Amino acid sequence: MALIVQKYGGTSVGSPERIKNLARRVARYKAMGHQIVVVVSAMSGETNRLIALAKEVMPEPDPRELDVMVSTGEQVTIGLTSMALMELGLKAKSYTGAQVRIVTDSAFTKARILSIDEANMRKDLEDGNVVVVAGFQGVDEQGNITTLGRGGSDTTGVALAAALQADECQIYTDVDGVYTTDPRVVPEARRLKSITFEEMLELASQGSKVLQIRSVEFAGKYKVKLRVLSSFEEDGEGTLITFEESDNKDSDNMEQPIISGIAFNRDEAKITVLGVPDKPGIAYQILGPVADANIDVDMIIQNVGADGSTDFTFTVHKNEMAKALGILKGVQAHIGAREIKGDDKIAKVSVVGVGMRSHVGIASQMFRTLAEEGINIGMISTSEIKIAVVIDEKYMELAVRVLHKAFELDGI
């Protein structure tokens with residue numbers, strides 16, 4: 001008998017019929033003798049509907065009141081899910097984040113979990129209940145309702161699994177696992193049987209949308225076994241996200257490819273600050289005001305000029321390019337920049353794999369492959385297990401396809 005946390009996303013609970021399917025799946029696990037905690041998102045489209053409703057009343061909704069509103073989406077789903085389980089003859093009990101006592105900080109709309117009181121859930125599980133918990137939400141120390149940001153239900157599922165010391169956290173989604181890349185771009189992409197937390201973290205941060213990055217961080221920190229499965233298939237083992245140490249002992253993995261996957265991201269924009277003085281502190285003078293506006297910066301390149309000036313280039317989310325440009329135009333005279341340019345027609349493509357640590361020549365193979373297709377590289381960023389490049393957006397799909405083939409990800 002195992003304690004399993006199962007998380008179901010918006011498409012998995014998108015209609016009463018899908019909620020009934022979810023209940024039938026849970027009933028099968030329960031019949032095997034497992035204890036089950038179910039974490040659900042709002043029905044697909046519901047959170048967007050509630051946000052749009054709020055904006056009709058207040059164009060820039062108050063964050064506290066917005067959290068009060070959008071948290072109701074999951075409340076509807078936990079009630080319906082519990083009813084569907086009862087209809088099958090199972091004992092079930094629903095909990096909002098506040099009822100569990102998922103305590104967060106007070107950063108409304110993007111709160112972080114501080115602690116979880118699992119005592120009541122344990123008691124209900126021991127009494128034979130399926131415990132159904134609203135994802136994406138909690139309460140702060142003052143009792144205010146908070147939400148965890150987009151994709152926060154994944155984080156709720158992993159956090160509950162950590163608090164309960166569950167045997168496995170299963171994330172049910174509309175794909176049947178983690179693939180070498182997006183099958184919509186490369187039809188030959190393959191599902192991975194397993195992937196390390198490190199690789200999954202890099203893939204998520206580089207644009208892979210299968211799992212929310214915070215949930216992977218949480219799972220890695222608390223050693224929670226994660227499995228990605230399809231909510232629309234009865235069988236299938238999905239992809240297990242695990243630890244590299246255990247994989248190294250597995251002889252089956254000796255011939256695993258060096259590269260595990262290729263991620264891409266269309267949502268970035270490039271900003272270049274031209275002709276600033278090449279002196280200490282200039283990077284802070286450029287990026288300080290951007291950081292103060294709560295704009296995340298990803299890749300950064302600084303070139304040294306022969307005439308004592310330098311060009312400084314960095315990437316931000318596409319939606320924040322205009323805001324960042326406005327801030328920099330405001331400090332242009334102060335930092336002594338000749339010109340400030342923005343480009344939102346870029347894409348980031350990344351190759352990821354723990355095998356890169358012990359293999360040389362990955363970067364040269366990547367660059368050669370892109371050069372053979374006439375694809376120019378604008379920026380490069382590396383880590384121990386990742387190489388990311390910025391290219392013209394129009395070449396993104398071609399780049400993903402040729403790299404997928406070059407690293408033999410479609411033939412294993």
Just to be sure I understand, how many residues within region 351-364 are open to solvent by less than 50 Å² (accessible area, probe 1.4 Å) and either at pLDDT 90 or above or assigned to a helix (DSSP H, G or I) (or both)? 8
Can you name every residue in region 299-350 that is part of a loop (DSSP other than H, G, I, E, B) and among the basic types (Lys, Arg)? ARG338, LYS345
For region 138-146, check the following and say yes or no: at least one residue is at pLDDT below 95 and outside any loop (DSSP other than H, G, I, E, B). no
Given the options ARG64, ARG25, ARG18, ARG49, name the one that is part of a helix (DSSP H, G or I) and within 23 Å of the chain's Cα centre (by Cα). ARG49
Would you point out which residue out of ASP154, ASP176 is acidic (Asp, Glu) and under 15 Å from the mean Cα position of the chain (by Cα)? ASP154
Looking at (1) surrounded by fewer than 15 Cβ atoms within 10 Å (Cβ to Cβ); (2) in contact (Cβ under 8 Å) with a residue 60 or more places away in the chain; (3) among the small types (Gly, Ala, Ser), find the lone condition where GLY374 falls short. (2)
Just one of (1) open to solvent by 40 Å² or more (accessible area, probe 1.4 Å); (2) of a type in the set (Ser, Thr, Tyr); (3) in contact with a Phe, Trp or Tyr (Cβ under 7 Å, 6 or more places away or on another chain) trips up SER194, so point out which. (3)
Among residues of region 197-229 being modelled with pLDDT under 85 and charged (D, E, K, R), the residue least open to solvent (accessible area, probe 1.4 Å) is ARG214
If a residue must be assigned to a helix (DSSP H, G or I) and either surrounded by fewer than 24 Cβ atoms within 10 Å (Cβ to Cβ) or at positive phi (or both), how many such residues does region 156-178 contain? 3
Can you give me the number of residues within region 288-300 that are open to solvent by less than 60 Å² (accessible area, probe 1.4 Å) and under 25 Å from the mean Cα position of the chain (by Cα)? 5
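A quick yes/no check of all residues on (1) free of Cβ contacts under 8 Å to residues at least 40 places away in the same chain; (2) under 22 Å from ILE113 (Cα atoms):
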site	(1), (2)
THR156	no, yes
PRO187	yes, no
GLU198	no, yes
PHE232	no, no
Are there any pairs with C-beta distances below 9 angstrom linking a residue in region 26-55 that is surrounded by fewer than 20 Cβ atoms within 10 Å (Cβ to Cβ) to a residue that is outside any helix (DSSP H, G or I) and charged (D, E, K, R), with the two at least 6 apart or on different chains, and if so which? ARG28/GLU234; HIS34/ASP167; ALA54/ASP62
Close pairs (6 angstrom Cβ cut-off, 6 or more residues apart or separate chains): more than 23 Å from ALA27 (Cα to Cα) in region 91-102, in a loop (DSSP other than H, G, I, E, B) and not aliphatic (A, V, I, L, M) anywhere: ARG101/ASP117
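The values are calculated or read from the model by the stated rules, or taken from the named source; none is laboratory data. All values reported here derive from a predicted model rather than from experimental measurement. No Cβ is skipped: glycine too gets one built from the backbone with ideal geometry, and neighbour counts run over all protein chains shown. Please note that ligands, DNA and RNA were not included when accessible areas were found on the heavy atoms of the full protein model with its side chains. Shrake-Rupley method; radii C 1.70, N 1.55, O 1.52, S 1.80 Å.
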